[in-house]
Amino acid sequence: MRLPSVSLNRRCFKWCLVVALAFMAVSAIHWTFLLSPAPTYITPTRSDSDLIMSFPYSIPYKVDKSLNESSTTSFKTYRKFAFMKNHKCGSSTIENIIFRFANKNHLNIVLPDSGNYLSTTDLFNHKSLANAKWKDLPFDIFSLHNRWNRNEVMKVLDDEVPTFTIVRDPVEVFVSMFHYQDKFREFYGVKDIHDMVVKIKENPSAPELNQRWMKYVGRNQMSWDMGLSPEIFDNEVAMKSEIERLDREFDLVMVSNRMDESLVLLMHLLHWGFKDVIHLDLNRRKPDKSSALSDEELDVLSNWLAADAQLFKYFYRRFDERVAELNQKYTSVFDLFWPSGADEEANYVEHQTKMLKEANRELYDLCVVQEVGNEKLSGVFKETNDNIMGYVINKEEEGCAMFAMSEPAFLKIFRKQLLSQALDPS
């Protein structure tokens with residue numbers, strides 16, 4: 001009698017393993033759904049004043065159902081973390097995700113007594129909360145605009161927590177800031193972005209070009225936001241040292257133009273699911289608030305923003321490395337359930353990203369009636385700047401409202417929550 005070949009034994013073992021894993025996965029999903037309590041949804045309402053105070057938060061039922069069929073169960077979900085909110089890097093979209101998570105889980109956001117900045121010109125200091133009535137409460141999430149100071153952030157959270165931020169091509173950041181605030185253009189005494197480039201080209205080191213509008217908005221904005229001193233902006237060696245320090249301080253640095261990939265990595269950092277990161281793209285500037293720049297103009301801006309260019313290049317490379325690490329970690333499992341073609345390498349992150357994009361499209365189709373300028377919005381959906389686009393939301397669809405809710409509306413919810421706890425600690 002001939003003995004079975006080694007390759008045949010290996011194939012049999014592989015398929016037995018596939019069957020066993022599939023059975024375990026189906027069983028786990030079955031018991032997860034069987035034991036999970038029925039979801040609670042926001043009662044449909046036409047009133048903005050009712051929408052802003054609707055608890056608890058939920059996602060639209062149809063989207064929830066489709067994600068139930070495809071999402072996976074993770075381990076311990078992180079509920080305490082710090083997000084460094086950089087200007088004009090897609091941070092408003094991330095912040096909305098965070099705010100919805102905080103609302104759903106009744107978590108405490110670090111908030112100043114008023115406004116939406118935790119610091120502007122100085123690095124963040126936990127003592128800046130001294131005037132807030134809720135200063136002695138335990139906080140869960142750090143997520144508003146500030147100048148990054150990791151040690152002080154950990155003091156206010158009273159714990160070592162996961163940290164993450166997001167970066168964007170520095171030229172895109174500056175151009176976006178330029179068009180976002182009309183007074184920003186007036187501050188530099190130019191008529192448009194092309195005039196600004198001419199002014200920079202003529203004398204890039206001119207003192208007035210290194211002044212910051214309102215003392216905290218201007219050149220190399222990402223480096224400024226992340227706590228780096230303008231004194232080293234033109235020192236490549238010093239910048240390298242500080243960027244490497246930031247790399248040690250952040251568990252994840254996302255990339256704005258790879259938002260969905262970034263959110264897949266964030267899911268794995270915080271042990272979240274697809275339901276936690278589905279979103280609408282928020283605070284996009286109006287199409288008429290853009291100007292095409294020539295290659296020469298782009299080079300002028302890139303050279304002038306050398307510190308941010310160095311920072312962005314470093315963290316873009318690190319992002320690629322993290323994607324590769326996650327792909328490597330899940331390659332064997334991915335190959336079992338989604339076999340790749342002979343010439344096609346299995347890509348776990350790409351597969352997860354595709355699933356998230358599909359969920360976002362479904363959310364958009366279900367919840368968005370129309371995209372309009374911010375000046376046409378009102379109530380909880382209106383932001384503070386009319387140079388951006390917003391959404392007319394289908395208010396009759398359960399769970400849609402908070403995906404387009406403005407930052408001021410969310411802060412009103414969280415301040416009321418914090419004040420209530422401070423006045424009645426029981």
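The values are calculated or read from the model by the stated rules, or taken from the named source; none is laboratory data. These numbers were taken from a predicted model, which means no experiment stands behind them. Every residue, glycine as well, gets a Cβ built from its backbone with ideal geometry; the counts of neighbours run over all protein chains shown. Side chains are part of the model used for accessible areas, which takes the heavy atoms of the whole protein and leaves out ligands, DNA and RNA. Shrake-Rupley method; radii C 1.70, N 1.55, O 1.52, S 1.80 Å.
Restricting to the stretch 150-168, what's the tally of residues that are touching a Ser or Thr at 6+ places or on another chain (Cβ under 8 Å) and not in a helix (DSSP H, G or I)? Walk me through it before giving the result.
Filtering the stretch 150-168 down to residues touching a Ser or Thr at 6+ places or on another chain (Cβ under 8 Å) leaves 150, 153, 166-168.
The next check asks that each one be not in a helix (DSSP H, G or I); those that pass are 166-168.
The number of residues fulfilling the criteria is 3.
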Checked Leu411, Leu419, Leu366 against criteria (farther than 21 Å from Lys286 by Cβ, part of a helix (DSSP H, G or I) and open to solvent by 40 Å² or more (accessible area, probe 1.4 Å)); the one match is Leu419
Of the candidates Leu252, Leu228, Leu246, the one satisfying the condition of being within 21 Å of Asn149 (Cα to Cα), touching a Pro at 6+ places or on another chain (Cβ under 9 Å) and modelled with pLDDT of 95 or more is Leu252
Conditions (1) touching a Lys or Arg at 6+ places or on another chain (Cβ under 8 Å); (2) at pLDDT 95 or above -> Ala401 fails only (2)
When (1) in a loop (DSSP other than H, G, I, E, B); (2) buried (at least 21 other Cβ atoms within 10 Å of the Cβ); (3) not aromatic (Phe, Trp, Tyr) are applied to Lys191, the one that fails is (2)
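Out of the stretch 194-216, which residues are outside any loop (DSSP other than H, G, I, E, B), open to solvent by 70 Å² or more (accessible area, probe 1.4 Å) and hydrophobic (A, V, I, L, M, F, W, C)?
If we filter the stretch 194-216 for residues that are outside any loop (DSSP other than H, G, I, E, B), which is where we start, we get 194-202, 207-210, 213.
Then keep just the ones that are open to solvent by 70 Å² or more (accessible area, probe 1.4 Å); that gives 198, 201-202, 207-208.
Selection gives Val198 alone.
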For the stretch 265-285, pairs from a residue that is farther than 26 Å from Pro408 by Cβ to a residue that is open to solvent by 40 Å² or more (accessible area, probe 1.4 Å) and in a loop (DSSP other than H, G, I, E, B), with Cβ under 7 Å and 6 or more apart or across chains, are Leu269/Asp251; His271/Ser74; His271/Phe75; His271/Lys76; His271/Thr77; His271/Tyr78; Gly273/Ser74
Evaluate the stretch 311-330: report whether one residue or more is in contact (Cβ under 8 Å) with a residue 60 or more places away in the chain, touching a Ser or Thr at 6+ places or on another chain (Cβ under 7 Å) and farther than 28 Å from Val368 by Cβ. yes
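Among the listed residues Asp288, Asp299, identify the single one that is assigned to a helix (DSSP H, G or I), open to solvent by 40 Å² or more (accessible area, probe 1.4 Å) and farther than 28 Å from Pro408 by Cβ. Before the answer, list the steps.
Working: Asp288 fails: farther than 28 Å from Pro408 by Cβ.
Unique residue meeting the criteria: Asp299.
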Counted residues in the stretch 125-149 being in contact with a Ser or Thr (Cβ under 7 Å, 6 or more places away or on another chain) and open to solvent by less than 10 Å² (accessible area, probe 1.4 Å) come to 1
If we keep only residues of the stretch 244-285 that are in a helix (DSSP H, G or I) and of a type in the set (Gly, Ala, Ser), then the residue nearest to Val175 (Cα to Cα) is Ser256
If we keep only residues of the stretch 217-243 that are in contact (Cβ under 8 Å) with a residue 40 or more places away in the chain and open to solvent by 30 Å² or more (accessible area, probe 1.4 Å), then the residue nearest to Thr121 (Cα to Cα) is Ile232
Quick count over the stretch 85-124, residues being over 21 Å from Thr384 (Cβ atoms) and either under 19 Å from the mean Cα position of the chain (by Cα) or open to solvent by less than 60 Å² (accessible area, probe 1.4 Å) (or both), is 6
Of (1) over 17 Å from Lys85 (Cβ atoms); (2) out of contact with any Leu (no Cβ under 7 Å at 6 or more places or on another chain); (3) open to solvent by less than 50 Å² (accessible area, probe 1.4 Å); (4) part of a helix (DSSP H, G or I), Met177 satisfies every one except (1)
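Check the stretch 96-111 and report whether any residue there is within 20 Å of Val173 (Cα to Cα) and touching a residue at least 60 places away in the same chain (Cβ under 8 Å). If you could, list the steps in order and put the result at the bottom.
In the first step, residues of the stretch 96-111 are kept if they are within 20 Å of Val173 (Cα to Cα); the result is 96.
Retained after the next criterion (residues that are touching a residue at least 60 places away in the same chain (Cβ under 8 Å)): 96.
So far as the stretch 96-111 goes, yes, one or more of its residues are within 20 Å of Val173 (Cα to Cα) and touching a residue at least 60 places away in the same chain (Cβ under 8 Å).
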